[in-house]
Amino acid sequence: MVRALSTAGNPPLEIFLLPLAALPFPEIDPVLLRIGPLAIHWYGIGYVVGILFAWWYAKRLLSNRRLWADGIPPMKPEDLDDFVVWAAAGIVLGGRIGYVLFYDLARYIEEPLAALALWEGGMSFHGGLLGTILAMILFSRSRGIRVWSMFDIVAAGVPVGLGLVRCANFINSELWGRTTDVPWAFVFPNGGPEPRHPSQLYEGALEGLVLFIVLRILTHRFLKLKTPGFVGGAFVAGYGLSRIIVEFFRVPDPQLGYLLGGWLTMGMILSLPMVLAGAWAMATAKPSTSLAR
């Protein structure tokens, strides 16, 4: 707000100006399509497209024998067809349970049935990751597939879905960033009048585009799929680092706030073990001469 100087005989004028750095928030309906009572949200589409892309991309990796030790892929394409259902269950159940436990446990203790209201939102990436890891372990053992190779092939395509979901967070005007005066700041509809970092887009760029490119280089340039565990470790560590960086620009969930000194967040706490675990996986990964079942 800027107060104009009053001139003789005239009352002072109040002139409200938006900060020059603020960009207008795009008017995109979070609901792509409505069919009667059914509403198809961009957020849900992000998950569906992400899962389908990871499935398609993993099958492309399997078909490229140059990427595998002795030219032998660790599983059949049909195995991935069956695993899609397991992956979807792990993501949804793990993501929801993780959100309940990590981010809003007090509320769901008071309202247990609210945990079933998935349409209200509330998913945790870290919970979804744990759910998917459990699904991969169980599925791999049931099919006689090397677990580390399963981790690698699934992880290679996951960043695309992460990027899409973060873009959906931006469309939903949620998980926005701290106030700032950078030229690319946005005034979010539900974020007050101050311009804010588009932290969802930062996260989508790092977790989505950058991480996908890094993993692509590892799989196709350095042939790290021949070293079981390395690509999966790179994904886990890469996501953890990306999330920690973005947390410095992102506003934490209101029910949690900052946990220490006005800067530590739950996202950082949950991501640090990922960095350590991913680094350990890469450091201990060993080349395999054959991944045949």
Using modelled backbone amide H atoms (1.01 Å from N, in-plane), which distant-in-sequence or interchain residues come within less than 5 Å of residue 23's amide H?
-> 185, 186, 187
Cut-off under 5 Å, modelled amide H: who pairs with residue 264 long-range | 259
Distance in nm between label sites at residue 223 and residue 88, each 7 Å beyond Cα in the beta-carbon direction?
-> 3.7 nm
Could you list the square roots of 5 times each eigenvalue of the Cα gyration tensor of segment 190-263, that is, the equivalent ellipsoid semi-axes, sorted largest first and rounded to whole Å?
-> 32, 14, 7
Based on Cβ point charges of +1 for Lys and Arg and -1 for Asp and Glu, what charge dipole magnitude is obtained for segment 157-293 about its Cα centre, in debye rounded to the nearest 20?
-> 780 debye
By how many degrees, between 0 and 90 and to the nearest 10, does the Cα long axis of helix 266-284 differ from the longest principal axis of the chain?
-> 30 degrees
Given all pairs of distinct Cα atoms, the chain yields a Kirkwood Rh in Å of 21.0 Å
Could you rank the peptides 104-112, 143-151, 277-285 by their average count of other C-beta atoms within 10 Å per residue, with the highest value first?
-> 143-151, 277-285, 104-112
Positive-pole candidate from 242, 175, 153, dipole of segment 146-271, charges at beta carbon = 153
For segment 149-293, what ratio Rg/Rh do Cα atoms give with a Kirkwood hydrodynamic radius?
-> 1.06
Would you work out the charge dipole size for the chain about its Cα centre, treating the Cβ of every Lys and Arg as +1 and the Cβ of every Asp and Glu as -1, and quote it to the nearest 20 debye?
-> 1380 debye
Unit charges at the beta carbon, dipole of segment 57-119: most positive-side option, 68, 99, 88 = 68
Built amide H within the under 5 Å cut-off of residue 177, gap 5+ = 197, 199, 200, 251
If you find the alpha carbon centre of segment 235-281 and of segment 205-233, how far apart are they in angstrom?
-> 21 Å
Give me the distance in nm between label points sitting 7 Å out from Cα along the Cα-to-Cβ direction at residue 138 and residue 279, one decimal.
-> 3.3 nm
Tilt, helix 77-102 to longest principal axis of the chain (alpha-carbon atoms), in degrees rounded to tens, equals 40 degrees
Residue-normalised value, i.e. accessible area per residue, for segment 200-293 at 1.4 Å probe, in Å², stands at 47 Å²
Where does each of 63-69, 135-141 land if you order them by average Cβ count within 10 Å, highest first?
-> 135-141, 63-69
Taking Cα atoms, the helix 125-143 axis meets the longest principal axis of the chain at an angle in degrees (rounded to 10) of 10 degrees
Give the relative contact order (percent, whole number) for the chain; include only Cα pairs under 8 Å separated by 6+ residues.
-> 21 percent
Sulfur and carbon atoms: percent of accessible area, the chain [1.4 Å] | 70 percent
So, in nm, how far is label residue 194 from label residue 34 when the simple model puts each one 7 Å beyond its Cα toward the Cβ?
-> 3.4 nm
Can you give the accessible area per residue of segment 51-152, in Å², using a 1.4 Å probe?
-> 53 Å²
Dimensions of segment 35-190 along principal axes (Cα, Å, largest first)?
-> 55, 43, 35
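The values are calculated or read from the model by the stated rules, or taken from the named source; none is laboratory data. This structure is a prediction, so every number in the text was calculated from the model and none was measured. In this analysis, Cβ positions are derived from the backbone assuming ideal geometry, glycine residues included, and neighbour counts consider all displayed protein chains. Surface accessibility is based on the protein's heavy atoms, side chains included, excluding ligands, DNA and RNA. Shrake-Rupley method; radii C 1.70, N 1.55, O 1.52, S 1.80 Å.
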